[in-house]
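Engineer: This is the structure I want to talk about, given as structure tokens.
The values are calculated or read from the model by the stated rules, or taken from the named source; none is laboratory data. Nothing here was measured: the structure is a model prediction, and the numbers come from that model. Cβ atoms come from the backbone with ideal geometry, glycine included; neighbour counts cover every protein chain shown. Note: accessible area is taken over every heavy atom of the protein model, side chains too, but ligands, DNA and RNA are not part of it. Shrake-Rupley method; radii C 1.70, N 1.55, O 1.52, S 1.80 Å.
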Amino acid sequence: MTTHNTETEPLSRRGGGPTLLFGVRVNSRPDGEIWRAAMDTGPWTAGLDGTADSAALSVLIDATLGRAATAHRPANLWPVTTELSIDYPAPPPCDGQGITFDGRVVAAQQHGALVTGTAADETGRPLAVATLRSRFIPGVTVDLPADVLSRPGLALSPEDFVMEEEPPHRESLMSILNASLRTDEHAATLRVPGDPLLANGTGAMHGGIALCASQLAASHLIGTADGMAVASARITYVRQIEMTGDTDFVARIVHAGRTFRLVEVTAYTPNGKVGTVTTIAGYADTRRG
């Protein structure tokens, strides 16, 4: 699961690490009913095959939709994402172009909210269409440990993260997550070490980070080498992933056709329990030619 901050609890030490690493800037106030965020692309948006990967949009999407849901939370409750569904009509750029994401609340009730949004590049080309469902629960935010706050390239003002220089680990998506990949004939396993910089406001793994890792694991089984491209992802957050150790994202092929492939990715928490379950679909890649 993932939790999000509110306007009265500004983005600061609570869950701001992923947005810093991915360069995501979420507006603190909506433009009418629209919540907007932006990020810049670059070589770091590359996936396992060295080309731009839609997994790079995960934190942008989750952070923006989470902020929109937060605006409708009842007093003393926090939004927790339970499901996030994304369709990818085109791959993102990796040439320094900016990407924007606009989100809006479709419905909000006492127990949760349904939020949707679209990411686009500078030409207006849609890159992702997303829907998030959240529940409102009691929650407590925690601060990042002092050793994390003192890392090179990170500086904090009282109200927000400030980027003094290029954040660390920005060579690729794998380096951002400090992840490793191992494969066999049955599965691909992406291992993400526990790191408070990848956490949300409660200290558990940020939902956008979990989605990014799931897609990277699946991309080994759905990739350009096979003439495929990831077209959609559907992630369910079963329980919080604590950052006390390694989390394994295990990808297995459910269906492998010539033009369509379906992969299921299960995240196992440091204590071996299921944290997230993601189904990722790939189609014969006609988008890049």
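Engineer: State whether one or more residues within the range 188-201 are among the β-branched types (Val, Ile, Thr), surrounded by 20 or more Cβ atoms within 10 Å (Cβ to Cβ) and modelled with pLDDT under 95.
Structural biologist: no
Engineer: Moving on. Within the range 223-237, identify whether any single residue is on the phi > 0 side of the Ramachandran plot, modelled with pLDDT under 95 and not basic (Lys, Arg), and answer yes or no.
Structural biologist: yes
Engineer: Can you tell me which residue is nearest to Ala75 (Cα to Cα) among those in the range 26-44 that are at pLDDT below 90 and surrounded by 21 or more Cβ atoms within 10 Å (Cβ to Cβ)?
Structural biologist: Val26
Here's the yes/no breakdown for (1) on the phi > 0 side of the Ramachandran plot; (2) free of Cβ contacts under 8 Å to residues at least 12 places away in the same chain; (3) of a type in the set (A, V, I, L, M):
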{"position": "Pro43", "(1), (2), (3)": "no, no, no"}
{"position": "Ala46", "(1), (2), (3)": "no, no, yes"}
{"position": "Asp49", "(1), (2), (3)": "no, no, no"}
{"position": "Ala68", "(1), (2), (3)": "no, no, yes"}
{"position": "Asn76", "(1), (2), (3)": "yes, no, no"}
{"position": "Ile86", "(1), (2), (3)": "no, no, yes"}
{"position": "Asp102", "(1), (2), (3)": "no, no, no"}
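Engineer: Please count how many residues of the range 103-120 are closer than 25 Å to Pro74 by Cβ, outside any loop (DSSP other than H, G, I, E, B) and open to solvent by 20 Å² or more (accessible area, probe 1.4 Å).
Structural biologist: Of the residues in that region, 7 qualify.
Engineer: Please specify each residue of the range 67-84 satisfying the condition of being open to solvent by less than 40 Å² (accessible area, probe 1.4 Å) and part of a strand (DSSP E or B).
Structural biologist: Result: Trp78, Pro79, Val80, Thr81, Thr82, Leu84.
Engineer: What pairs can you find where one residue is in the range 241-263 and closer than 11 Å to Thr279 by Cβ, the other is open to solvent by 30 Å² or more (accessible area, probe 1.4 Å) and part of a loop (DSSP other than H, G, I, E, B), and their Cβ atoms are less than 6 Å apart, with a gap of 6+ or different chains?
Structural biologist: Nothing qualifies.
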